[in-house]
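Below is one structure, written out as structure tokens, with a few remarks after it.
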Amino acid sequence: MKIEIGEPSLPPVTVSDIKTDLVLHYGGKKGETKRVITLNELKGVQLPDGTIRIDTIKAYCHERKMARSFAIDSVQSLHVPGTGEVIGDLLEWLKTKG
């Protein structure tokens, strides 16, 4: 028997205490939807090259009136309510606002 063990996985990355309102266009299991959310937390991993890949957005959904998680792969677009500013890289955008 041969067992191969790869490199240890890098620890997860959490960005929390954000509290920013955004409009999210999302393609989930039930089709496309538009949600106004208050962004609370981002979950992801740090890649070997040092970059951070965000996998999940955790937010308060104003439509459902409850906390929800959104897979980043299903997010079609994000923008700022009021201004309509489109957010391409969410983590970089947050760094400029911080």
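Coordinate-derived values only; no laboratory data. Just so it is clear, the model here is predicted, and its values are computed rather than measured. Please note: Cβ atoms are built from the backbone with ideal geometry, for glycine as well, and neighbour counts cover all protein chains shown.
A compact table of results
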read-out: Sparse-neighbour loop sites [GluC sites (Glu not before Pro); the stretch 16-98; at most 15 other C-beta within 10 Å; DSSP]; value: GLU63, GLU85
read-out: Extension gain, ASP89 back to ARG64 (0.36 nm per residue minus Cα-Cα distance, nm); value: 6.5 nm
read-out: Summed side-chain charge close to ALA71 - residues other than ALA71 whose Cβ falls under 13 Å, Lys, Arg +1, Asp, Glu -1; value: +3
read-out: Given LYS19/LYS58; LYS65/LYS95; LYS30/LYS65; LYS29/LYS97, the pairs whose alpha carbons are separated by over 21 Å; value: LYS65/LYS95; LYS29/LYS97
read-out: Cα gyration tensor category, rounded, prolate or oblate, for the stretch 35-90 with a/c compared to 1.5; value: oblate
read-out: Net charge contributed by nearby residues that have their C-beta within less than 12 Å of ARG53 (K/R +1, D/E -1); value: -3
read-out: Taking N as its residue count, the alpha carbon Rg of the chain over 2.2 N^0.38 Å; value: 1.25
